[in-house]
1. Hey, among the residues in the range 119-132 that are open to solvent by 40 Å² or more (accessible area, probe 1.4 Å) and either touching a helix residue (DSSP H, G or I) at 6+ places or on another chain (Cβ under 8 Å) or of a type in the set (A, V, I, L, M, F, W, C) (or both), which one's farthest from V35 (Cα to Cα)?
2. Picking from T30, T21, T76, T55, which residue would you name as being under 19 Å from T286 (Cα atoms) and either of a type in the set (F, W, Y) or open to solvent by 40 Å² or more (accessible area, probe 1.4 Å) (or both)?
3. Restricting attention to the range 170-183, does a residue exist that is among the acidic types (D, E), assigned to a loop (DSSP other than H, G, I, E, B), within 24 Å of D344 (Cβ to Cβ) and open to solvent by 20 Å² or more (accessible area, probe 1.4 Å)?
4. Consider R229 carefully, then state whether it is in a helix (DSSP H, G or I), basic (K, R), over 25 Å from V34 (Cβ atoms) and touching a residue at least 40 places away in the same chain (Cβ under 8 Å).
5. Does G162 satisfy the condition of being touching an Asp or Glu at 6+ places or on another chain (Cβ under 9 Å), in a loop (DSSP other than H, G, I, E, B) and open to solvent by less than 30 Å² (accessible area, probe 1.4 Å)?
6. Does the range 80-100 contain at least one residue that is part of a helix (DSSP H, G or I), within 20 Å of G170 (Cα to Cα), touching a residue at least 24 places away in the same chain (Cβ under 8 Å) and open to solvent by 30 Å² or more (accessible area, probe 1.4 Å)?
7. Looking only at the range 66-85, decide whether some residue is more than 25 Å from the chain's Cα centre (by Cα) and among the aliphatic types (A, V, I, L, M).
8. When both residues are 6+ apart or on different chains and their Cβ atoms are under 9 Å apart, which pairs have a first residue that lies in the range 201-215 and is free of Cβ contacts under 8 Å to residues at least 60 places away in the same chain and under 20 Å from T343 (Cβ atoms), and a second that is open to solvent by 70 Å² or more (accessible area, probe 1.4 Å) and part of a loop (DSSP other than H, G, I, E, B)?
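The values are calculated or read from the model by the stated rules, or taken from the named source; none is laboratory data. Being a predicted model, the structure only gives us computed values, none of them experimental. Cβ atoms come from the backbone with ideal geometry, glycine included; neighbour counts cover every protein chain shown. When the accessible area is computed, the model is the full protein with side chains, heavy atoms only, and any ligands, DNA or RNA have been set aside. Shrake-Rupley method; radii C 1.70, N 1.55, O 1.52, S 1.80 Å.
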Amino acid sequence: MASTNSLTDVPGLRVGHATRTAPAYPGHLTGTTVVLAPEGGAVAAVDVRGGGPGTRETDALDPRNLVQRVEAVVLTGGSAYGLDSAAGVMAWLEEEGRGVRVGPDPAHVVPVVPAACVFDLGRGGEFTARPDASTGRAAVEAAAGTEPFTPVEEGNVGAGTGALVGKVKGGIGSASVRLESGVTVAALVVANAAGSGVDPGTGALYGRYFEGGRVEYPAPEVHDEATRRLAEAAAKNGPAPLNTTLAVVATDAELTKAQAQKLAGTSHDGIARAVRPVHLLNDGDTVFALATGERPLPGAAENPLALNEILAAGADVVTAAIVRALLAAESVRTPGGEFPAYTDLYDLDGPHNLDGPHGK
């Protein structure tokens, strides 16, 4: 199977977006993204490092607690209001008989649906325009309707619709790697950070410094013009006080909940490479980890450090996914503000340059 360079390279995972923008949804610039696990669920964990998180059911993922597997993870816009979208996902899962069995009847299930939100309120023009249960249901139905290994749609979709990274348009990004052991590690991010993804001195994306090749910097005059245009747009928008980067990191390796929690924690390093600063009081940076368990953890019986390769890869794919989110994002102008994309500021063909160093 050819790589899609996205989260769906982990067999069994599917991703669906529900995007809410004008004119169909006046005043909206928001949405919801659902990662749907294989039936029977995936081992799940979470690590929250931002100072202003908005989450649901994250306590259930603590390795000390009962729930081992979850059927879906919800990433949503709308700040804490948008967490209502998880109710729509929960209702769909109940209809499918998927969740924690709590009674003698197979229909007696309680789906545990962890969720986290980003702040995008008012960016479409209306503060009250936000995802709800119907948005979550639309996203999970979209996920369920995709074929296996369908590439993740990136950019201004789902939970990334109204995302910003600093003053630059953010969005959805995804990346994957297949290790020499055959294990796949992949990430999906909603890049919506208070910090910047762009080096202010050069105009290069911070995340590109970790790609292993030569970084091509924009010409000084291009960078100066981009800086001027960005300052003009930001002055019209006013302050963006609350932001968050969300990620789902997944692997087909067999992990315990404790090991998955470690993966979620080290994957935050991938955010720190691509965004500066991170984990502030007005961020809600949250990383979920999913392990489908299709492959035994390579070398685990002989080597207690066998997990390290997967931990390192988790951070790498998060960095790559943030770069892809910034390159896939498109400029937006709404009654709520003007949000220029990196590719427009630097006159780049964003969607054609997602896989290699580039610049002017």
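1. F127
2. Unique residue meeting the criteria: T55.
3. Scanning the range 170-183, I find no residue that is among the acidic types (D, E), assigned to a loop (DSSP other than H, G, I, E, B), within 24 Å of D344 (Cβ to Cβ) and open to solvent by 20 Å² or more (accessible area, probe 1.4 Å), so the answer is no.
4. Answer is yes for this residue.
5. So G162 passes the test.
6. Yes: one or more hits.
7. The answer is yes, given that some residue of the range 66-85 is more than 25 Å from the chain's Cα centre (by Cα) and among the aliphatic types (A, V, I, L, M).
8. T202/Y217
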